[in-house]
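The values are calculated or read from the model by the stated rules, or taken from the named source; none is laboratory data. The shown structure was predicted, so the numbers you read here are calculated from the model rather than taken from an experiment. Cβ sites come from the backbone with ideal geometry, for glycine too, and all protein chains shown count toward neighbours.
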Amino acid sequence: MSEVRHNWTKQEIVAIYNKPFMELLYEAATVHRRHHDPNTVQVSTLLSIKTGGCPEDCGYCPQAARYHTHVEGNDLMEVSQVKAQALRAKEAGSSRVCMGAAWRNVKDGPEFDQVLEMVRTINKLDMEVCCTLGMITENQAHRLAEAGLYAYNHNLDTSEDYYKDVISTRAFKDRLDTIENVRKSNVTVCSGGIIGMGEALEDRAGMLVALSTLDPQPESVPINALVAVEGTPMADLPPIPIWDMVRMVATTRIIMPETQVRLSAGRTQMSREGQAMCFFAGANSIFAGDKLLTTPNPDVNEDMAMFKLLGLNPQKPFTKVSQPKTVEAENSKYQPLGEKPRWSRPGHTIERNEAAKQNAKLTD
Ligand code: SAM
Ligand code: DTB
Ligand code: SF4
């Protein structure tokens, strides 16, 4: 019988998170070994294909146009540039490329067609392709699937309750709707969140309830530590203790045993010992490359040295799910529908987001 449960409660999750540290680690490592090779870690490379200028107000994000940050906006990258970067990532030992765009949602048209071509190109390099492009419709998910997309990243980021304190330009339900649309295609779901945004433990647990009660559970769950970027509303939040990261990873591993848990943003602040504890607690994926989307990440050579030290091996592509077949644009079954989906715009006021926006007006 499958060990995967879809009825976890917030109380149960809080109780797991709060276990004595050694018991938590032991339990998580035991679950990890039953479902995964503990010496294998999947390595993804992030590529920001469209940087900055985003209309959303996510309080953590340096790419939101309304805040004044170090990020300079760029147009969508060319397919040839993306191919060159993917080849570099492959040579460096990466099995997956994750392409991020600072969009609220995908719009049918030449830019989306260009992204579909990027997906085809990378899949033909025999690498897993992931995209994170904001909200998408079911038709757009099918078109990405046909192009050969392996995974779609769309984070819940925090609990439904705390979401209202972080973002006012869309609602938690919009995120769930996109995940549902992805699920209607053959693309795997990558969804997780951020800790260190000033949320309570109940919010961390609330996010894990929302993720673990999805059926099926996401194939991958990134756990990010907030990268506090100057100019964003969360610039002054203190870094989270490593213990919180380990507890979050361990709890995620226990309640989502088959999922790949990704130790994501925030690794530049973590020692090797800290990261080793996360791997022991069940993390089995990382983002590699000297940049995340717009902020620094550890040097690739340092990561490879850490892998050697810990006896970890990079996971081969398509180990968990087989490679999708790419359908060429001219043979596509799905045509653009030109839909105008009604994603919500709650538009409530979030004090710290408002203050950062006002500050940006003064400094621009
Ligand atoms: N615009 C799309 C969206 O929001 O879904 C895709 C790109 S967005 C940058 C992808 C994810 O990056 C966010 O959901 C969030 O989890 C993460 N992220 C953004 N800024 C971050 C930060 N400062 N620290 C940690 N994670 C961050
Ligand atoms: C995810 O969960 N983390 C990645 C990826 N999915 C797209 C992004 C982290 C971004 C950190 C801030 C930045 O570099 O802009
Ligand atoms: Fe835009 Fe995504 Fe950043 Fe939010 S997280 S501001 S949607 S790029």
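General remarks:
- Members of region 261-282 found to be within 27 Å of His6 (Cβ to Cβ) and either within 16 Å of ligand 1 (Cβ to nearest atom) or of a type in the set (Ser, Thr, Tyr) (or both), listed by number: Val261, Arg262, Leu263, Ser264, Cys278
- Close Cβ contacts (under 8 Å, 6 or more residues apart or on different chains) running from residues in region 262-287 that are touching a residue at least 60 places away in the same chain (Cβ under 8 Å) to residues that are aromatic (Phe, Trp, Tyr) and within 16 Å of ligand 3 (Cβ to nearest atom) comprise Arg262/Phe287; Ser264/Phe287; Ala265/Phe287.
- Filter result for Arg247 (crowded, with 17+ Cβ neighbours inside 10 Å and either closer than 25 Å to Val31 by Cβ or modelled with pLDDT of 95 or more (or both)): yes
- Selection of first residues in region 125-151 that are free of Cβ contacts under 8 Å to residues at least 12 places away in the same chain and of second residues that are surrounded by fewer than 21 Cβ atoms within 10 Å (Cβ to Cβ), restricted to Cβ pairs under 8 Å at least 6 apart or on distinct chains, gives an empty result.
- Out of Glu23, Glu27, sole residue that is without any contact (Cβ under 8 Å) to a residue 12 or more places away in the chain, over 21 Å from the mean Cα position of the chain (by Cα) and away from ligand 2 (no atom under 14 Å from the Cβ): Glu23
- Taken together, the criteria exclude Asn74 from residues that are in contact (Cβ under 8 Å) with a residue 60 or more places away in the chain, closer than 30 Å to Ala356 by Cα and of a type in the set (S, T, N, Q).
- Residues in region 17-29 that are touching a helix residue (DSSP H, G or I) at 6+ places or on another chain (Cβ under 9 Å) and either closer than 22 Å to Asp290 by Cα or part of a helix (DSSP H, G or I) (or both): Tyr17, Phe21, Leu24, Leu25, Glu27, Ala28, Ala29.
- The set of residues in region 36-75 that are within 16 Å of ligand 1 (Cβ to nearest atom), surrounded by 18 or more Cβ atoms within 10 Å (Cβ to Cβ) and either of a type in the set (A, V, I, L, M, F, W, C) or within 17 Å of Leu125 (Cβ to Cβ) (or both) comprises Ser44, Thr45, Leu46, Leu47, Ile49, Cys54, Cys58, Cys61, Ala64, Val71.
- Test: residue in region 204-219 that is closer than 30 Å to Leu116 by Cβ, surrounded by 18 or more Cβ atoms within 10 Å (Cβ to Cβ) and within 10 Å of ligand 1 (Cβ to nearest atom): no
- Here Gly289 passes the criteria (1) modelled with pLDDT under 95; (2) away from ligand 1 (no atom under 16 Å from the Cβ) except the one numbered (2).
- With respect to the conditions (1) more than 14 Å from ligand 1 (Cβ to nearest atom); (2) in contact with a His (Cβ under 7 Å, 6 or more places away or on another chain), Thr132 lacks only one, and its number is (1).
- Among the residues making up region 320-364, a single one is part of a loop (DSSP other than H, G, I, E, B), polar (S, T, N, Q), touching a residue at least 24 places away in the same chain (Cβ under 8 Å) and surrounded by fewer than 10 Cβ atoms within 10 Å (Cβ to Cβ): Thr349.
- Test: Ala225 is within 22 Å of Ala151 (Cβ to Cβ), within 19 Å of the chain's Cα centre (by Cα) and either of a type in the set (Phe, Trp, Tyr) or within 11 Å of ligand 2 (Cβ to nearest atom) (or both): yes
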